[in-house]
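The values are calculated or read from the model by the stated rules, or taken from the named source; none is laboratory data. Everything numeric in this text was worked out from a predicted model, so none of it was measured. Here Cβ is always computed from backbone atoms with ideal geometry, including for glycine, and neighbour counts include all displayed protein chains. These area figures cover heavy atoms from the full protein model, side chains too; ligands, DNA and RNA do not enter into them. Shrake-Rupley method; radii C 1.70, N 1.55, O 1.52, S 1.80 Å.
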Amino acid sequence: MKTQKNISKVLLYTLLIAGVICSIGPFYWMVIGASHTSGEIFKVPPNFLPGSELWTNLKNLDESIGILKVLGNSLTITLIYTALALMICSASGYAFAKFKFKGRDAIFFVLLLAIMIPYHVTLIPLFKMMAALGWINTYQAVILPNLAYPFAIFLMRQNMKALPDSLLEAARVDGAGEFKIFFTIVLPTMKPSLAAVAIFLFMFQWNNFLWPLVILNEQDMYTLPVALSSLIGLSKVDYGQLMMGTAISTLPIMIFFLLLQRQFISGMLGSSVKE
């Protein structure tokens with residue numbers, strides 16, 4: 001029995017170590033590649049130790065796309081989008097969870113269907129709307145179209161259904177208005193869910209590539225994913241620069257997730273509550 005247990009433990013730890021290597025390996029190679037030239041990256045056998053071209057790649061990347069400018073563009077757009085979308089999605093989720101109105105279930109069903117619509121289908125109608133408003137090559141055209149993010153509304157609705165109705169009724173009896181109830185009772189109670197949704201929204205907008213590529217036509221306005229795509233030429237690609245840009249682009253997401261990690265886990269567990 002002890003032998004079988006030991007074998008099982010060895011197999012388990014072997015699988016876990018293999019999983020860790022598969023998960024961390026690409027990130028490690030991305031960071032290592034940022035310190036090598038293109039020739040060194042494709043060298044056989046590969047060199048898994050840090051190289052000497054880190055600052056050269058960073059300098060070349062800045063000269064190619066203006067890394068600080070596009071990084072600032074992405075951070076500005078993403079933070080504004082996350083704050084606005086979080087407020088809209090939480091208010092919508094609260095309305096679907098705690099208010100009874102005609103057509104509520106039908107509207108929510110349409111919202112769920114919207115999750116299944118491919119994003120590419122909406123590009124042409126959205127572009128025509130932005131052109132009619134004169135918003136081509138503007139940040140509001142990047143931020144506004146996806147503020148009511150269907151999955152975020154669904155997630156907030158599922159979490160808010162677990163909020164006791166008696167708590168809300170007690171606040172109404174004490175004379176609190178709906179806005180006061182929402183901002184002083186509902187939102188503070190939903191902090192874990194808000195953190196989880198904030199991470200989803202932040203990642204969605206930070207990684208958003210296709211829509212900014214379509215709507216923005218000046219390099220000074222580019223977000224980081226769009227700017228990085230311009231590094232891929234028809235005949236030559238500097239993979240050292242590309243690795244450096246990719247490594248930089250992952251840092252804000254990692255920092256944002258680590259800051260809200262505990263709340264994210266609690267929020268995801270809360271979303272599993274059923275009616």
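Brief remarks on what is shown
- Shape category assigned to segment 74-174 from the gyration tensor of Cα positions, a/c cut at 1.5: prolate
- For the chain: relative contact order, % (alpha-carbon pairs under 8 angstrom, 6 or more apart): 31
- Most fluctuating residue given options Lys191, Lys102, Lys59, as computed from a GNM of the chain linking Cα atoms under 10 Å: Lys102
- Accessible surface of Ile107, taken over heavy atoms with a 1.4 Å probe and every protein chain present, rounds to 90 Å².
- Overall form of the chain per C-alpha gyration tensor (a/c, 1.5; a/b vs b/c): oblate
- When the chain is treated as a GNM with alpha-carbon contacts under 10 Å, the residue of Gly39, Gly66, Gly19 showing the greatest mean-square fluctuation is Gly19.
- Among Ser193, Ser23, Ser92: highest mean-square fluctuation, GNM of the chain, C-alpha pairs under 10 Å: Ser23
- Look at the alpha carbon pairs under 8 Å that are at least 6 residues apart: their mean separation over the length of segment 1-121 gives a relative contact order of 13 percent.
- Of the chymotrypsin sites (Phe, Trp or Tyr not before Pro) found in segment 173-244, those in coil by DSSP whose Cβ has at most 14 other Cβ atoms within 10 Å are Phe209.
- Relative to one another, the C-alpha centroids of segment 212-235 and segment 88-166 are positioned 27 Å apart.
- Violating pairs (Cα-Cα greater than 20 angstrom) within the set Lys43/Lys236; Lys102/Lys161; Lys102/Lys191: Lys102/Lys191
- Here's the picture: charge each Lys and Arg Cβ at +1 and each Asp and Glu Cβ at -1 in the chain, and of Phe99, Leu54, Ala195 the one pushed furthest to the positive end of that dipole is Phe99.
- Anisotropy class of segment 159-259 from Cα gyration tensor, a/c 1.5 cut: prolate
- Averaging the sequence gap over all C-alpha pairs within less than 8 Å and six or more residues apart, then dividing by the number of residues, gives segment 12-66 a relative contact order of 29 percent.
- FRET efficiency for Gln219 and Leu258, using Cβ-Cβ distance with R0 set to 41 Å, rounded to 0.05: 0.85
- Summed over qualifying helices (DSSP H, 4 residues or more, each -39500 (n - 2.57)) and divided by its residue number, the chain shows a 222 nm mean residue ellipticity of -22000 deg cm²/dmol.
- Charged side chains reduced to their Cβ positions (Lys and Arg at +1, Asp and Glu at -1) give the chain a dipole of some 980 debye around its Cα centre.
- Heavy-atom accessible area per residue - segment 209-259, 1.4 Å, Å²: 52
- Phi-based couplings in Hz for segment 73-86 (Karplus 6.51, -1.76, 1.60; Gly and Pro marked x): 4, 5, 5, 4, 4, 5, 5, 5, 4, 4, 5, 5, 5, 4
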